[in-house]
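Derivation of every value follows stated rules applied to the coordinates shown; laboratory data play no part. Here the structure is a predicted model, which is why all the values come from computation and not from measurement. Counting neighbours? That spans all protein chains shown, and the Cβs are built from the backbone with ideal geometry, glycine included.
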Amino acid sequence: MRRFTDTLEDGKRQVLVADDELINREILANILADEYDVILAEDGEIAYELIKQNRNTLSLILLDLIMPKIKGLDLLKMLSGDNELKGIPVIVLTSDQDSEVTSLQSGAFDFIPKPYPQPDVIKARISRSIELAEGRQIISATEKDGLTGLYTLEYFYRYCSQYDKFFPAAEMDAICFDVNHFHVLNERFGIEVGSEILKRIATRLTEVFGGQKSFICRKTADTFLVYCPHQDDHSSVADQIANIGDDFQIGIKIRAGVYSCCDKKLDIHSRFDRAKIAADKIRNNYSVFVNYFDEALIDAELFAEQLVDEFPKALESRQFQVYFQPKYDIRGDRPVLSSAEALVRWVHPDLGMISPGAFIPLFEEDGLISKLDEYVWRSVAEHISGWKKRLGISVPVSVNISRAELYDPALVDTLESIARDNGITTSDLVLEITESAYVSDSNQIVDRVKTLRDHGFFIEMDDFGSGYSSLNMISELPIDALKLDMKFIRTAFDKQNDTRMISIVIDIADYLGVPVIAEGVETEEQCLALKKLGCAIIQGYYFSRPVPADDFEKLMIDKKTV
Amino acid sequence: MTIDDLKAFGADTDDGLKRCMGNEAFYLKLIGKALEDKSFADLQDALGRNDLNAAFEAAHSLKGVLGNLALTPIYTPVYEMMELLRNRNDIDYQPYMDRALEKKAELEALI
């Protein structure tokens, strides 16, 4: 049987000598220095600390029984009670024959009497104990993952650390491979196919990294870790693994995060955390398979964590402010303010204005978005109500409703009670629902939207043109306006003024009898072109950026006095 | 001090040198350190307080060190003392201690 440490040709195993007598330590260190890397402890406490620090690399402990601070037998008990430490063999040093049996009963592997026997005898006992202990580890069931035969995480980390100790100068890469949406694979094709795919990934990784200097492990269901000598480019590996699902006609995306030339001062767990961060960054990017860690990712990760942590406090102390971006009706001779879209801004006491692009995706992932949205709905309703009372002006304001919120059975009640609490009508609130929300599981969503509309809310289909809804379906949808995906505006005016797609959408809207709203309009040229095509309402920097409530109020007053 | 001095003193230098991998300088250096070993003082203190547990531990430690260096003339009285202390025999240990200290002084004079 090939033992792991056989691969470490020029390495020395590490041995701890714990004895309070300097002379005994020195004699043993002198005997062992040629063959072992010897570390020394002069009392039980220091010994325990060193054992914990070197738990992944220590091959053997030579332990004196009578020592200050922690006695040898007590230390033996502490080791055998600790899962991470109990695998390290201990040889007891004793000048007292009575202690020998007790030591062996307490879990010691062997004993060496004092005065010491011949150096050759000492060396033979030590190497035999190490051999036995390593053999015991190799056959232990938890060393290898049952499904793939790769190392389990605990042993993997242990071997990586030992390798580092033997080859401290080697430049190593930590790689994390993750199968995208593996649970979906399992659900669609069954656990057996899922398991077969995992096995094939393991085989492929072993083919690629099977050399003596790499270590491979299956960390969790579909996460694999590889520790290997540095290479500049790992993209060919990702390519070789990507076609693993071909036999099953299953497209599988495996993403790899690489932490290149790891900093060995970081502990082994943190190195693979970094690889994982890099891998997760490309989770939703289907054209990139390998991502390399850089320090900026850690900053981004920490920043994201901070934002999520501070969310409850920010909500409570009203750090979120609603801004209003006006929408203008351009059908007449002069543009007329017709409504607004509510957009949230985070005004952070230390960080200043945080862009919604930075926090909304995070909150969507964490499910915090529904709390934030409800806060926005309420805040918008308060403003509408205030304007009605103070200025006698009523302008509808649109708010965003996410797909997840549409599944909430309480949504209709929540929105109605917000309107009621603030003394406004449901038609004052326009609900923007993104087109892609309708596409999956459309019946349930369509029914929910119908209910909302029956209760008087206006519905705008947001991002129209991005969600691939079928024309057939659109004709049945309960909507009051189509809002063009911003990309249409950009491409239409970027590329030789090709506005054909926009006219198609406007034709669809005409057929449905609803107006078209264009957002992201930045120039007069765009605005005039859209007007000519028959677009009814314009939103964008051309008229106004999103503004605070007070500024929006001024626009409303201006409109009234015109 | 030379290896011959040590031999004349009664040390089993062959045995001691083997443990030191044949390195004479190393062996002699360790003997110098052994003479400063605080277990001598610990043992004397414990006997003075009639603390037989502490005396046993100190004798036990000394026995290991002296045995490893094969300093037989000091080792023998300490070893005898330790065997008596093992059963916590309530006897006068001072004569053993004196013999060990006398041999220790003899060795110190060689340095």
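Phi-derived couplings, Karplus 6.51 cos²θ - 1.76 cosθ + 1.60 at θ = phi - 60°, listed residue by residue for the stretch B:42-50: 4, 5, 4, 4, 4, 5, x, 8, 6 Hz, with x used for Gly and Pro.
Please give the calculated 222 nm ellipticity per residue for chain A, where each DSSP H segment of at least 4 residues contributes -39500 (n - 2.57) and the sum is spread over every residue; nearest 500 deg cm²/dmol? Show your work: numbers first, answer last.
Working: 22 runs with 261 residues, N = 562.
Result for chain A: -14500 deg cm²/dmol, rounded to the nearest 500.
Using Cβ point charges alone (K and R +1, D and E -1), the dipole size of the stretch A:4-139 about the Cα centre works out to roughly 340 debye. Loop sites here are trypsin sites (Lys or Arg not before Pro) outside DSSP states H, G, I, E and B with no more than 10 other Cβ atoms within 10 Å. The longest part of chain A free of them is A:3-264. Close amide H pairs (under 5 Å, H built 1.01 Å from N) link A:Thr434 with A:Ile401, A:Asp462, residues at least 5 positions away or on another chain. A cut-off of 5 Å between modelled amide H atoms, ignoring neighbours fewer than 5 places along the same chain, links A:Val38 with A:Val15. Checked against a 18 Å cut-off, the cross-linked pairs A:Lys327/A:Lys554; A:Lys313/A:Lys371; A:Lys327/A:Lys450; A:Lys388/A:Lys554; A:Lys114/B:Lys63; A:Lys71/B:Lys29 give Cα-Cα distances beyond that limit for A:Lys327/A:Lys450; A:Lys71/B:Lys29. For the segment B:59-66, counting C-beta atoms of other chains within 10 Å of every residue's C-beta and taking the mean gives 6. May I ask what percent, to the nearest 5, of DSSP beta bridges between residues of chain A are antiparallel? Around 45 percent antiparallel, to the nearest 5. Among the GluC sites (Glu not before Pro) in the stretch B:1-95, those located in a DSSP loop and surrounded by at most 14 other Cβ atoms within 10 Å of their own Cβ are B:Glu36. Taking amide H as placed 1.01 Å from N in the peptide plane, A:Ser398 has its amide H under 5 Å from the amide H of A:Ala340, A:Glu341, A:Ala342, A:Val430, each at least 5 places away in sequence or on another chain. Calculated mean residue ellipticity at 222 nm for chain B: -24000 deg cm²/dmol, from DSSP H runs with n ≥ 4 weighted as -39500 (n - 2.57), summed, divided by the residue count and rounded to 500.
When chain B is described by a simple charge dipole with +1 on each Lys and Arg Cβ and -1 on each Asp and Glu Cβ, the residue from B:Ala100, B:Asn50, B:Met21 located farthest towards its positive end is B:Met21. Across peptide A:25-31, the mean count of Cβ atoms from other chains lying within 10 Å of each residue's own Cβ comes to 4. For A:Leu76, neighbours were defined as the other residues whose beta-carbon sits under 12 Å from its Cβ, and their charges (Lys and Arg +1, Asp and Glu -1) total 0.
What are the semi-axes of the equivalent ellipsoid for chain B, taken as the square roots of 5 times the Cα gyration tensor eigenvalues, largest first, in whole Å?
On the way: eigenvalues 136, 33, 26 Å².
For chain B, the semi-axes come out at 26, 13, 11 Å.
Legend: calculated FRET efficiency, A:Thr451 to A:Thr206, from the Cβ-Cβ distance at R0 = 60 Å, rounded to 0.05, equals 0.60. Scaling against 2.2 N^0.38 Å puts the C-alpha radius of gyration of chain A at 1.39.
By the beta-carbon count within 10 Å of each Cβ, the least crowded to most crowded order of A:Cys262, A:Cys176, A:Cys228, fewest first, is A:Cys228, A:Cys262, A:Cys176.
Computed from point charges on the beta carbon alone (+1 for Lys and Arg, -1 for Asp and Glu), the dipole magnitude for chain A about its Cα centre is near 800 Debye.
Label sites at A:Met473 and A:Ser270, each approximated as a point 7 angstrom past Cα along Cα to Cβ, lie 4.8 nm apart.
Return the subset of A:Lys52/B:Lys103; A:Lys52/A:Lys123; A:Lys12/A:Lys219 for which the Cα-Cα distance in this structure is over 31 Å, preserving the input order. Table pairs above 31 Å Cα-Cα are A:Lys52/B:Lys103. Centre-to-centre separation between the Cα atoms of the stretch B:44-111 and those of the stretch A:524-560: 100 Å. Length gained on full extension, A:Ser235 to A:His183: 16.3 nm, using 0.36 nm per residue less the C-alpha separation. Shown in residue order for the stretch A:289-306 are the 3J(HN,Hα) couplings computed by the Karplus curve 6.51 cos²θ - 1.76 cosθ + 1.60 at θ = phi - 60°: 10, 10, 10, 9, 5, 9, 4, 4, 5, 4, 4, 4, 5, 5, 4, 4, 4, 4 Hz (x for Gly and Pro).
May I ask you to derive the FRET efficiency for A:Lys213 and A:Glu364 from their Cβ-Cβ distance with R0 = 35 Å, giving the value to the nearest 0.05? FRET efficiency, A:Lys213 to A:Glu364: 0.25. Within chain A, what's the longest run with no GluC sites (Glu not before Pro) in a DSSP loop and at most 15 other beta-carbon atoms within 10 Å? Give the range, please. In chain A, the maximal stretch lacking such sites is A:172-475.
By count of other Cβ within 10 Å, fewest leading, how are A:Ile244, A:Ile191, A:Ile489 ordered?
A:Ile191, A:Ile244, A:Ile489
More than 24 Å apart: what percent of Cα pairs in the stretch A:4-139 qualify? The calculated P(r) of the stretch A:4-139 puts 20 percent of pairs beyond 24 Å. Separation of the stretch A:27-45 and the stretch A:348-389, taken as the distance between their Cα centroids, equals 63 angstrom.
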